[in-house]
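The values are calculated or read from the model by the stated rules, or taken from the named source; none is laboratory data. Keep in mind it's a predicted model, so treat the numbers as computed, not measured. Methodologically, a virtual Cβ is constructed for each residue, glycine included, from the backbone with ideal geometry; neighbour enumeration extends over all protein chains shown.
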Amino acid sequence: MIQQTEYNQFQKFLAKTSGSFHVLEHQIPVERQMEYFHFSNRIKQERIPWTAGDLEAFEIDLYNPETTEEYKRRILAIFAISGDVTAYRRLERYARLAEPDMRDWAYMALMEGRIILESELSDEKQIYISTGLGGKGQKLRFYLLFPAAEGMTIEGYRRDVVEREFNFALRQADWDIERLTIHPDYAELVVLLPLRADLKAVLDGVLKECNQYGDFLAKTYTISNMKEMNEEEIRATIRSSRGKNFLDEEQ
């Protein structure tokens with residue numbers, strides 16, 4: 001979950017930072033992302049001057065069924081940090097074909113390779129932005145949870161209100177709704193929102209509009225850019241969040 005103070009700090013960082021922003025589009029656990037960058041940094045510190053012949057041989061090894069996953073991870077990191085356009089094309093090809101266990105690593109290498117190449121071609125600072133839920137283009141993906149108010153349900157006309165008001169308000173704010181699922185006692189969404197979105201204002205606004213039709217949504221909601229919640233997590237969050245809004249300012 002994310003609190004308003006944390007989101008405000010992120011917005012301030014964006015406002016004072018100039019450069020080209022790169023959003024990781026794939027949903028990769030943050031721990032896996034950190035593992036990749038630690039590994040990649042170790043490869044950089046080796047300072048090995050790979051030749052075109054080396055890179056070509058690495059590609060052959062990459063598709064060899066006898067090559068270990070550890071060595072494949074090394075090859076992908078080498079392709080990423082090489083600054084070689086041909087190596088980057090090899091990364092693109094492999095990412096499309098990678099076996100499931102290697103897919104996250106391939107996507108991370110592809111992102112780093114793109115940033116390194118663009119750094120060499122542009123004077124702009126290249127800035128990497130990632131979350132557990134990823135993003136698309138210049139938008140970040142978030143999971144939203146809106147519980148029903150105590151003693152109320154989101155059924156009948158209330159369901160129609162939620163569908164109408166959320167679709168209207170979020171599109172007006174240039175948010176993309178990837179999923180809106182309405183249950184009797186809560187609504188959940190997966191959305192893409194611009195990097196500089198006024199998140200709290202938009203969500204407070206749509207909540208207010210919905211509640212003009214009977215105060216059937218709780219005044220609290222939860223937002224996460226790390227993962228989507230499962231049913232057990234949703235139930236626990238609803239129980240623990242009574243009277244607390246996870247986008248309220250910290251006291």
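Okay, here's what the table says:
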{"read-out": "Verdict on K72 being among the charged types (D, E, K, R), in contact with a Gly (Cβ under 7 Å, 6 or more places away or on another chain) and in the same structural domain as E46 (by TED's automatic domain parsing)", "value": "no"}
{"read-out": "Members of the stretch 46-103 found to be closer than 19 Å to I28 by Cβ and in a loop (DSSP other than H, G, I, E, B), listed by number", "value": "A98, E99"}
{"read-out": "Enumeration of residues in the stretch 177-203 that are of a type in the set (D, E, K, R) and out of contact with any Leu (no Cβ under 8 Å at 6 or more places or on another chain)", "value": "D185, D198"}
{"read-out": "Residue identified as modelled with pLDDT of 95 or more, closer than 30 Å to K227 by Cβ and either out of contact with any strand residue (DSSP E or B) (no Cβ under 7 Å at 6 or more places or on another chain) or surrounded by 12 or more Cβ atoms within 10 Å (Cβ to Cβ) (or both) among F79, F37, F58", "value": "F79"}
{"read-out": "Restricting the stretch 104-118 to residues that are touching a helix residue (DSSP H, G or I) at 6+ places or on another chain (Cβ under 8 Å) and surrounded by fewer than 18 Cβ atoms within 10 Å (Cβ to Cβ), the residue that is farthest from E25 (Cα to Cα)", "value": "I116"}
{"read-out": "Enumerated helices (runs of 4 or more DSSP H) restricted to the stretch 140-248, each holding at least 3 residues that are in contact with a helix residue (DSSP H, G or I) (Cβ under 6 Å, 6 or more places away or on another chain) and surrounded by fewer than 16 Cβ atoms within 10 Å (Cβ to Cβ)", "value": "none"}
{"read-out": "Residue within the stretch 119-130 that is surrounded by 20 or more Cβ atoms within 10 Å (Cβ to Cβ) and part of a helix (DSSP H, G or I) present", "value": "no"}
